[in-house]
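Below: one structure, written as structure tokens.
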Amino acid sequence: MFTDEVDSFLGYLSYEKSRSSNTINAYAHDVQTFIDFVEDINEGKESYGLSDITYLEIRAYLADLQRKGYSRRTIARRLAAVRAFFSFLFKKGIVSENPARGVKTPKEGRRIPPFLREDEVVSLLEFPSGDTPLELRDRAILETLYAAGLRVSELVGLNLDSIDLDTGFVRAYGKGSKERIVPIGAKAEEALVKYLEDGRPGLVSKGRESRALFLNCNGTRLSQRAVQIMVNKYIEKASINKKISPHALRHSFATHLLDHGADLRAVQELLGHSSVSTTQIYTHMTRKRLRVVYDKAHPRA
């Protein structure tokens, strides 16, 4: 049903919009899924064309996706495909109205990011405890991730001149190569000094100069994937029963600062968020904790 119209739409995406094959395949799947739904609910009717589809069918389609347990993100993506399809049909004069125009995209639920409790961070930072070059490097990485709230991409991008241990600051480049200066604490400074003096020299390859702060076994810049593997290893050693990524240390950094009374705007600046609304996701966690404290402590709670 509507095969010619769908093919024309996909051709338009390919030749006029220069969309990638992956994008075209995704649109093809999402539009066909909607058409299959329309066919099912109108089964038995003698004739049914694209012009007969109204916003009611589209809303029913979205409700069906919700009943089936699809995420808001997936539903929004499928609605975007239906919108693009009908926008194309309207421009080509195949339909006189665009029934998807007035249908709102479901709001994306804000997922609270995973983080570690303070005692879990302490347990994690107890590993590694050895003095080999790799263990000294790993300890410095874990301390720096938590102390500065860095993204992993920012961490592996650090160079030797990115840190100033005299003043206790690190210079990182975030999204869009935006620079920010972030303080680090005494524990991170101590771990970095130990790594630079006793760990990094053992990782530098002979005859090869590297500006990178954190090196792998070959003396080259450490990759994000290597950091992920390393964090997973120490999470397991610390017996922390959570599936987390290195990014969880950034989330923990923000959560713990707010827990201890840090100003939201200051945390926003430390994280390098362009909007405070992005930082506000962490207040959901701190408010929940405040509620627990209040209920336990207030005599009339």
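Rule-based calculations on the coordinates, nothing more; no lab input. Note that the structure is predicted; figures quoted are calculated from it, not measured. In this analysis, Cβ positions are derived from the backbone assuming ideal geometry, glycine residues included, and neighbour counts consider all displayed protein chains.
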Fill in: All-pairs alpha carbon distance profile, segment 186-282, 5 Å steps from 0, percent
2, 11, 15, 15, 18, 17, 13, 6, 3, 1
Worksheet item: Between segment 173-224 and segment 1-16, what is the C-alpha centre distance in whole Å?
Response: 51 Å
Fill in: Rounded tilt (10° steps) of 133-148 against the dominant C-alpha axis of the chain
60 degrees
Discussion item. Using a Förster radius of 22 Å, what is the FRET efficiency between Tyr55 and Asp7 based on their Cβ-Cβ separation? Nearest 0.05, please.
Written reply: 0.35
Discussion item. Given a Förster distance of 41 Å, report the FRET efficiency between Lys68 and Lys92 from their Cβ-Cβ distance, rounded to the nearest 0.05.
Written reply: 0.85
Worksheet item: Between Leu165 and Ala266, how many nm apart are label points set 7 Å from Cα along the C-beta direction?
Response: 2.6 nm
Worksheet item: To the nearest 0.05, what FRET efficiency results for Leu134 and Asn241 with a Förster distance of 41 Å applied to their C-beta separation?
Response: 0.95
Worksheet item: What is the gain in length, in nm to one decimal, between Asn218 and His29 on full extension, counting 0.36 nm per residue of separation less the C-alpha to C-alpha distance?
Response: 63.6 nm
Worksheet item: By how many nm would the segment from Ser47 to Ser20 grow when fully extended, if each residue of separation counts as 0.36 nm and the alpha-carbon distance is taken off?
Response: 6.2 nm
Worksheet item: Where the Cα atoms of segment 118-297 are projected onto their three principal axes, how long is each span, largest first, in whole Å?
Response: 61, 36, 28
Worksheet item: Based on the Cα atoms of segment 3-91, what semi-axes does the equivalent ellipsoid have, where each is the square root of 5 times one gyration tensor eigenvalue, given in whole Å with the largest first?
Response: 21, 18, 10
Worksheet entry | Inter-centroid distance (Cα atoms) of segment 230-257 relative to segment 37-97, Å | 43 Å
Worksheet item: Amide H of Arg19: which non-local residues (sequence gap of 5 or more, or other chain) have their own amide H closer than 5 Å, using H built in the peptide plane?
Response: Ser14
Response to the item:
Relative to the chain, whose Cα atoms define the longest principal axis, helix 224-237 and its Cα axis are tilted in degrees, nearest 10, by 70 degrees
Worksheet item: How far apart, in nm, are two points set 7 Å out from the Cα along the Cα-to-Cβ line at Asp259 and at Ser153?
Response: 2.8 nm
Discussion item. For the chain, what does the relative contact order come out to in percent, with C-alpha contacts under 8 Å and a separation of six or more?
Written reply: 15 percent
Item to complete: Assign one of three labels to the chain, namely rounded, prolate or oblate, based on the Cα gyration tensor with a ≥ b ≥ c the square roots of its eigenvalues; rounded applies when a/c is under 1.5, prolate when it is not and a/b is larger than b/c, and oblate otherwise.
Response: prolate
Worksheet item: Modelled label-to-label distance, Arg211 and Asn232, 7 Å Cα→beta-carbon offset: nm?
Response: 3.2 nm
